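**Student:** Have a look at the structure that comes next, please.
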Amino acid sequence: MPSEVYLVASGDLRHSANLKCWPAQKSMEESLTAAIRSFGFEVRRAHPFQSEKGHGFIDSQRYGIDVLRRIPQNAPVIVAEAVWQYSHHVLSGLYHHQGPILTAANWSGEWPGLVGMLNLNACLTKAGIPYATIWSEQFRDEYALGGIESWLRHGRIKHDSSHVQSLGSRVIAGVPDIVGRRVAEKLLSEKAILGIFDEGCMGMYNAIIPDELLHPLGIFKERLSQSALYAAMTRVPANEAQSVRSWLDSKGMKFHTGVDSAVDLTNDQILDQCRMYIAALRIADEFGCAAIGIQYQQGLKDLTPASDLVEGLLNNVDRPPVTVAGGTRVLYSGQALPHFNEVDECAGVDALITNRVWRELQLDPETTLHDIRYGEQFRDDFVWVFEISGAAPPNHFAGGYHGATSERQPPMYFPLGGGTLKGISKPGEIVWSRVFVESGKLKVDMGRGSVVDLPKEETERRWASTTPQWPIMNAVLHGVTRNQLMARHKSNHIQVAYGKDAASADVAMMAKAVTFRELGIEVYLCGVAD
């Protein structure tokens, strides 16, 4: 290894986010640089702080290509992240790089670097680009320093993966086998359509499943446009939008509103979200979609309030009824219409299969993805903070709709506002999973966990250190440590669904595993001893 390493920092596409998050990135880079220098290596930042922009992030794919092509082909490169970042800003530049690559993030829920790093890791994995990865609060702990030294000396870091077992051809008997085979056979026979409202949200290359991997599952894409969704919103009458709002009010959901649309959630924003909810259901019905994904971030954000309230409602069985335009037929009556946030197609496949397995087992089929935001030890357990921007279904919350609130989305991400669907996830037994692409194949990691009931002040503290407007899940993963999950997980997203109890969750997990296997997806059980 050379004695000099190059550092780059991928950022957001939104200037407001880059500007606000730069101080955290600068602090993280200082800590990481000090750790590297302690081993006798020098750090050269490959691109400068840009005074005219007020930050030092790579903020476009073109800029990333230009920065990385100036780095010697065999030089060691570190991608340092303390923020959410758009992976395509650096993926293209790293694609042909010959030197060792390290992704590093600060252990903090603030903006968050862990989420950005996990997404980049998954993109590199799908692209077949070798990399090492590490994380730390201050890059002073033994685990992080040992990993950094190993990468500096040898170009690699070895993490513990003893928690992972391949399902392979292991015999699964009884209900899981029967249900898993039945769901797979029906899907292959009847097919299913994912409604894709524009692919590639926020540069998430890992979230796009190539058609040739998707079609053998019996799943196909209907490529839709967010402009069509917006146009459909404009055709929703005011009285229909108000009926959705009134239904939510009658259920006990609380909206925290104000009068300044720049910083407050307004009634007009809520009604536009109600229009989007109605329009999404009607388009999904028109094209026969079994699940849909709305990109929002780099499309609708400049036209309309946030989609997250809509997404959470769609993921819930009990939700405002919507009829076909001009008719009386209720769309998807008595069903959730699974929504995969940010058009994450891996999550879409997972949500679709989860919905069908859970319904076969007569379990509540509500499912959603969360971001793996960060986590901390609490008493005897390491408790993860899973937190997404509002797309969680009310059935996952303590108190359901009565436990749900809607607050204005942060202006730096959501300039036109819109409310979240916020709540605290109820205690219970969950199955978690992640579908991903590696070596040209579809694979899935899955395991078991529990949602725990933390003291109110502890949950509030965690919210305050992350994004307090968003729904939170305080989760303990069974048989998987913090470092094992971080080293292995191939996404910023994690899919979750509840069982009635531990026994039913175990059965559901194995039935889902059988379904995946029958469809040709490689299954890996994480933290499952037997």
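**Student:** Among the numbered criteria (1) under 30 Å from Leu145 (Cβ atoms); (2) among the β-branched types (Val, Ile, Thr); (3) assigned to a strand (DSSP E or B), which one does Thr466 miss?
**Tutor:** Only one criterion in (1) under 30 Å from Leu145 (Cβ atoms); (2) among the β-branched types (Val, Ile, Thr); (3) assigned to a strand (DSSP E or B) is unmet by Thr466, namely (3).
**Student:** In segment 250-260, is there at least one residue being over 20 Å from Ser307 (Cα atoms), surrounded by fewer than 16 Cβ atoms within 10 Å (Cβ to Cβ) and touching a strand residue (DSSP E or B) at 6+ places or on another chain (Cβ under 6 Å)?
**Tutor:** no
**Student:** To continue, here is another question. Go through (1) in a helix (DSSP H, G or I); (2) at positive phi and name the single condition Val67 misses.
**Tutor:** (2)
**Student:** Oh, and also: Looking at segment 384-406, is at least one residue of a type outside the set (Asp, Glu), within 24 Å of Gln484 (Cα to Cα), in the same structural domain as Ile219 (by TED's automatic domain parsing) and touching a Gly at 6+ places or on another chain (Cβ under 8 Å)?
**Tutor:** Looking for residues that are of a type outside the set (Asp, Glu), within 24 Å of Gln484 (Cα to Cα), in the same structural domain as Ile219 (by TED's automatic domain parsing) and touching a Gly at 6+ places or on another chain (Cβ under 8 Å), one finds at least one in segment 384-406, hence yes.
**Student:** Okay, moving on. Return the only residue of Leu217, Leu188, Leu213 being aliphatic (A, V, I, L, M), touching a residue at least 40 places away in the same chain (Cβ under 8 Å) and crowded, with 21+ Cβ neighbours inside 10 Å.
**Tutor:** Sole residue among the options that is aliphatic (A, V, I, L, M), touching a residue at least 40 places away in the same chain (Cβ under 8 Å) and crowded, with 21+ Cβ neighbours inside 10 Å: Leu217.
**Student:** Moving to a separate point now. I need the full set of residues from segment 261-318 which are modelled with pLDDT under 95 and either basic (Lys, Arg) or in a helix (DSSP H, G or I) (or both), in order please.
**Tutor:** Leu300, Lys301, Asp302
**Student:** Could you please give the count of residues in segment 509-530 that are in a helix (DSSP H, G or I) and either under 22 Å from the mean Cα position of the chain (by Cα) or within 30 Å of Pro112 (Cα to Cα) (or both)?
**Tutor:** Looking only at that region, the number is 4.
**Student:** Go through segment 390-405 residue by residue and tally those that are modelled with pLDDT of 95 or more and within 20 Å of the chain's Cα centre (by Cα).
**Tutor:** Final tally of qualifying residues: 6.
**Student:** Condition first: surrounded by fewer than 19 Cβ atoms within 10 Å (Cβ to Cβ) and under 20 Å from Ala497 (Cβ atoms). Now tell me which residues in segment 325-360 satisfy that.
**Tutor:** If the condition is that a residue be surrounded by fewer than 19 Cβ atoms within 10 Å (Cβ to Cβ) and under 20 Å from Ala497 (Cβ atoms), then Tyr332, Gly334, Gln335, Arg359 are the ones that fit.
**Student:** Working only within segment 20-48, note down all residues that are surrounded by 14 or more Cβ atoms within 10 Å (Cβ to Cβ), among the aromatic types (Phe, Trp, Tyr) and not in a helix (DSSP H, G or I).
**Tutor:** If the condition is that a residue be surrounded by 14 or more Cβ atoms within 10 Å (Cβ to Cβ), among the aromatic types (Phe, Trp, Tyr) and not in a helix (DSSP H, G or I), then Phe41 is the only one that fits.
**Student:** Something else now. Counting only residues that are among the small types (Gly, Ala, Ser) and not in a loop (DSSP other than H, G, I, E, B), which one in segment 112-140 is farthest from Tyr413 (Cα to Cα)?
**Tutor:** My answer is Ala132.
**Student:** Taking into account only those residues within segment 479-530 that are of a type in the set (Lys, Arg) and either touching an Asp or Glu at 6+ places or on another chain (Cβ under 9 Å) or crowded, with 22+ Cβ neighbours inside 10 Å (or both), which is farthest from His215 (Cα to Cα)?
**Tutor:** Residues of segment 479-530 that are of a type in the set (Lys, Arg), as a first pass: 482, 488, 490, 500, 512, 517.
When the remaining residues are screened for being either touching an Asp or Glu at 6+ places or on another chain (Cβ under 9 Å) or crowded, with 22+ Cβ neighbours inside 10 Å (or both), the result is 488, 490, 500, 512.
On the way: Arg488: 26, Lys490: 22, Lys500: 33, Lys512: 19 Å.
The residue in question is Lys500.
**Student:** Are any residues in segment 128-163 surrounded by fewer than 17 Cβ atoms within 10 Å (Cβ to Cβ) and closer than 30 Å to Arg517 by Cβ, and if so, which ones?
**Tutor:** Gly128, Ile129, Pro130, Lys158, His159, Asp160, Ser161, Ser162, listed by residue number.
**Student:** What's the number of the condition Val322 fails, among (1) under 30 Å from Met486 (Cα atoms); (2) surrounded by 21 or more Cβ atoms within 10 Å (Cβ to Cβ)?
**Tutor:** Status for Val322: all satisfied but (1).
**Student:** For residues that are without any contact (Cβ under 8 Å) to a residue 40 or more places away in the chain, of a type in the set (S, T, N, Q) and within 19 Å of His159 (Cβ to Cβ), tally how many sit in segment 73-121.
**Tutor:** 1
**Student:** Would you tally the residues in segment 280-290 being surrounded by fewer than 24 Cβ atoms within 10 Å (Cβ to Cβ) and out of contact with any strand residue (DSSP E or B) (no Cβ under 8 Å at 6 or more places or on another chain)?
**Tutor:** 3
**Student:** Still on this structure, please answer the following. Name the pairs whose Cβ atoms lie under 7 Å apart, with the first residue in segment 16-27 and not assigned by TED's automatic domain parsing to the domain that holds Leu416, the second of a type in the set (Ser, Thr, Tyr), and 6 or more positions between them or separate chains?
**Tutor:** Cβ pairs passing all conditions: Ala17/Tyr413.
**Student:** Let me ask something else about it. Just the residues that are touching an Asp or Glu at 6+ places or on another chain (Cβ under 7 Å) and farther than 21 Å from Ser406 by Cβ, please, taken from segment 296-310. It would help to see each step written out before you state the result.
**Tutor:** Within segment 296-310, the first condition is being touching an Asp or Glu at 6+ places or on another chain (Cβ under 7 Å), and the residues that meet it are 297, 299, 304-305.
Residue satisfying the conditions is Gly299 alone.
**Student:** Name the single residue that is farthest from Leu485 (Cα to Cα) among those in segment 325-373 being in a strand (DSSP E or B) and either in contact with an Asp or Glu (Cβ under 6 Å, 6 or more places away or on another chain) or in contact (Cβ under 8 Å) with a residue 40 or more places away in the chain (or both).
**Tutor:** His339
**Student:** In segment 390-426, what residues are polar (S, T, N, Q) and either in contact with a Leu (Cβ under 7 Å, 6 or more places away or on another chain) or over 25 Å from Thr304 (Cβ atoms) (or both)?
**Tutor:** Asn395, Ser406, Thr420, Ser425
**Student:** Residue check: is Val175 in contact with a Cys (Cβ under 6 Å, 6 or more places away or on another chain), over 22 Å from Leu337 (Cβ atoms) and surrounded by 13 or more Cβ atoms within 10 Å (Cβ to Cβ)?
**Tutor:** Working: in contact with a Cys (Cβ under 6 Å, 6 or more places away or on another chain): no; over 22 Å from Leu337 (Cβ atoms): yes; surrounded by 13 or more Cβ atoms within 10 Å (Cβ to Cβ): yes.
For Val175, the condition - in contact with a Cys (Cβ under 6 Å, 6 or more places away or on another chain), over 22 Å from Leu337 (Cβ atoms) and surrounded by 13 or more Cβ atoms within 10 Å (Cβ to Cβ) - is not met.
**Student:** Related question: Among what's in segment 486-508 and is of a type in the set (A, V, I, L, M) and outside any helix (DSSP H, G or I), pick the residue that is nearest to Val317 (Cα to Cα).
**Tutor:** Ala497
**Student:** State which residue pairs qualify: first residue more than 19 Å from Leu300 (Cα to Cα) and inside segment 254-272, second residue of a type in the set (A, V, I, L, M, F, W, C) in any location, beta carbons under 7 Å apart, and separation of 6 or more residues or different chains.
**Tutor:** Pairs found: Phe255/Leu265; Phe255/Ile270; His256/Leu265; Thr257/Leu265; Gly258/Leu265.
**Student:** So Gly128 ticks every box in (1) at positive phi; (2) touching a residue at least 40 places away in the same chain (Cβ under 8 Å); (3) in contact with a helix residue (DSSP H, G or I) (Cβ under 8 Å, 6 or more places away or on another chain) but one. Which box is left unticked?
**Tutor:** With (1) at positive phi; (2) touching a residue at least 40 places away in the same chain (Cβ under 8 Å); (3) in contact with a helix residue (DSSP H, G or I) (Cβ under 8 Å, 6 or more places away or on another chain) applied to Gly128, the lone miss is (3).
The values are calculated or read from the model by the stated rules, or taken from the named source; none is laboratory data. On a predicted model such as this, the values are computed, not experimentally measured, just so you know. Here Cβ is always computed from backbone atoms with ideal geometry, including for glycine, and neighbour counts include all displayed protein chains.
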